Every structure is written in C-alpha cells, then in structure tokens.
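What follows is one structure encoded as structure tokens, with my remarks underneath.
Computed from the coordinates by the stated procedures, all read-outs in this text should not be read as laboratory data. As the structure is a computational prediction, the values presented were derived from the model and not from experiment. When we count neighbours, we look across all protein chains shown, and the Cβ atoms used for this are built from the backbone with ideal geometry, even at glycine.
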Amino acid sequence: MTINEAANFLQICDLSNKSPLIEGLHGTGKSEIIRQYAAEHNLHCETLILSLMDVGDLIGLPRTVEIGGTLTTAWASPDWFQRVVNAAFPPVVNSDDLVWNDPAFKSFAVPRLSSTVDRTVLNAIYCEYVGQTNDSLYIHTQSLVSYAKAKRSIVLLDEFNRAPVDILNASLQLVLDKRLHSHMLPVVGGKPTFVVAAINPADANYTVNTFDPALLDRFISTKVEADAKAWLDNYARPKGIAPVIRDFIAEHPNRIHFMPADGGIGATPRSWAALSDLISNFDKVPVEVHFQAIKGCIGTEVGSQFYSYFNNYTNVVKLEDIEKAI
C-alpha cells in the first residue's frame, strides 16, 4: 500500500486496539506517517529507536524499595515512559480539571484534596479506596476519575527488527500487555496507548532479525511502498520541498525511491527532503560543491541525472508555470 493508504490502516488498527507492524524500505516515510497520524489525532508521539537502546533505556534501572516491610526490587521509570504518563496525567493538576466518573469515589477523595492536586497523593487515595497496595502508579490507567486535558499517546517501536534480542523481547510486552514490568501504559478516555512497530524488509540486504510466525501473529502487518504522487501531494508541496525537486520527481516518478545495484547510496523520499535543505543554501557555496552535495544525498546514478536537470532548470517549462497559466 502507499503511505497515504497506511494512514487509514493505522486508524483501523487503532480503533480495533490492535498493534500494526509497518514494513517498508528505508526512507519511505514510515515514521513520518505515524507522526502525522499522531498530530492529526492529537496524540503525543513517543518514538523508541530500539536498535540504539539498551535494556536500561527501555525498561529503566533496577532499584530497591520497601513494600509492606519487605525490600523489593523495582524498576525506575524510564524517561520515555514518564513523558507518555505525563501526557495522560501530569504530576500536578488543577482540581477543576478532574472529571469524577464515580460519585462514591468523588465523595471519598475530594475532602482530602486541595485546589492543586498532586498525582501521587491522588494515586494513594485511589489505592486506599479500591484496596490496592500503593506500590506503583495506577491513577493513569483507572476510570473512576480522569483528567480533562489528558492526551493519549502513540508509541512507535522503530527499527523493531534491528533491536537486540533482549530489547526485542522486552518491547513485546508493550505490544501484548501494554506495560513493562510494573510500568503500565496509560488509558485515556477508555482507550489504551497505541503501540506501533516499524521494520525494514528482511529480504532487501538489511541487517535485520527475521521474525517467526508466532511473533508476527501479535501484529496486524502491512507493507508500504514509496509513491511519487502521494509524496508530492501530501508531503513535498505542504513542506515546501524545492520546486526543482518536485518537478523532477513529477517527471521521473520512478526516482522517488531508487537503490543502485552496487548497494551504494540511493534516493529515498527522506534523502530528497534532505537535498531540498541543501539546495536552499547552494547560493552560499561554490558551484563546484553542488554535485558533491547532490550525489552525497541521492547517489551518483540518480545524482548525475538530477544535476543535469538542475543546471537546465531555468530553461525548463515547469509544472508550476503551467498551473499558473491555466
């Protein structure tokens, strides 16, 4: 499917509380479409690049705490997880922003709260009310009281099949149980945190892990491909990608994603966007540098073709000129 279609795919998975696994070549816009989905649905987006993480980064570091008079090993909350929790239920909230969904709990809690409510205090009151040991944060997962300004999150497990085995195994708990050890992902408006994974294909000369059917069965999988028209309409024009690049891709759509046979540098939607940034500064550097910058972004083969197009661009009738003349 195209990147545009992937947005609808994300939505059906989100509505159904399923975790999608999006497979595609590097630079096709997998991460971008997930961030765009988050922006369009007012979600906090937390990206975990699993190939760059160690266990402590993902699940936090172990520490010793006393629970019921017994020393117990617990795990400190990692920073990424804390950002997700804070989006759903900040550490301190105004009492006017609390929505009481259970009158009995409201009667139990309100007399013990001030106009400014500390999350840990409210958590302790909640644990007492439901008979739960106050050994972790629960207030961001229950439904008796909610935060009116809560923001739901999407957690992107990027480079999922490049992760070390221990990171991969740990992150699977996010997919299956929406938690890591005692760290429970928030529930906002009755909807759990949306967990999405993105991978590169195992059959395209990438150094990646191959997933077995049992692991894949945990996801709703799809493959995305670069689509020139979708990129031009929904990314290049809105983001102000250089007109010379937009016109080149419109005339040569097969160059939106091109990998040379020797496995060297190729062209991707991401590298075209990077080249646009470089082109905006071409007037500040010698002309001799231009081709080096171009091929450094999109490779020698496509770079040579584009460089010729770029040098003749002022003499070319552009799509924008045609559109203006209509």
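Max-minus-min Cα coordinates of the stretch 142-239 on each principal axis give 49, 39, 19 Å, with the largest extent listed first. Projected label points at Glu40 and Ala250, each 7 Å from Cα along the beta carbon direction, are separated by 2.3 nanometres.
In this model, which of Lys30/Lys284; Lys191/Lys223; Lys106/Lys191 are farther than 24 Å apart at the alpha-carbon? Where the Cα-Cα span goes over 24 Å, the pairs concerned are Lys30/Lys284; Lys191/Lys223. Taking percent of Cα pairs over 34 Å apart as calculated from this structure, the corresponding entry among [x] 40; [y] 18; [z] 32 is [x]. Computed from Cα positions, the angle between helix 165-177 and the longest principal axis of the chain comes to roughly 60 degrees.
Helix content alone sets the calculated 222 nm mean residue ellipticity of the chain: runs of n ≥ 4 DSSP H residues at -39500 (n - 2.57) each, divided across all residues, give -11500 deg cm²/dmol. Between the Cα long axis of helix 79-88 and the first principal axis of the chain there is an angle of about 70°, rounded to the nearest 10. Given q = 0.15, 0.28 Å⁻¹, what are the Debye log10 I(q)/I(0) values for the stretch 125-185, with equal point scatterers placed on the Cα positions and solvent ignored? Rounded to two decimals, the profile gives -0.62, -1.23. Mean sequence separation of contacting Cα pairs (under 8 Å, at least six apart), scaled by the length of the stretch 1-117, corresponds to a relative contact order of 15 percent. Rounded to two decimals, the Cα-based Rg/Rh of the stretch 80-150, with Kirkwood Rh, is 0.92. In the chain, the longest principal axis of the Cα atoms and the axis of helix 30-40 are about 60 degrees apart. Taking a point 7 Å out from the Cα of Lys106 in the direction of its Cβ, the residues of the stretch 113-154 whose backbone N falls within less than 13 Å of it are 144-146.
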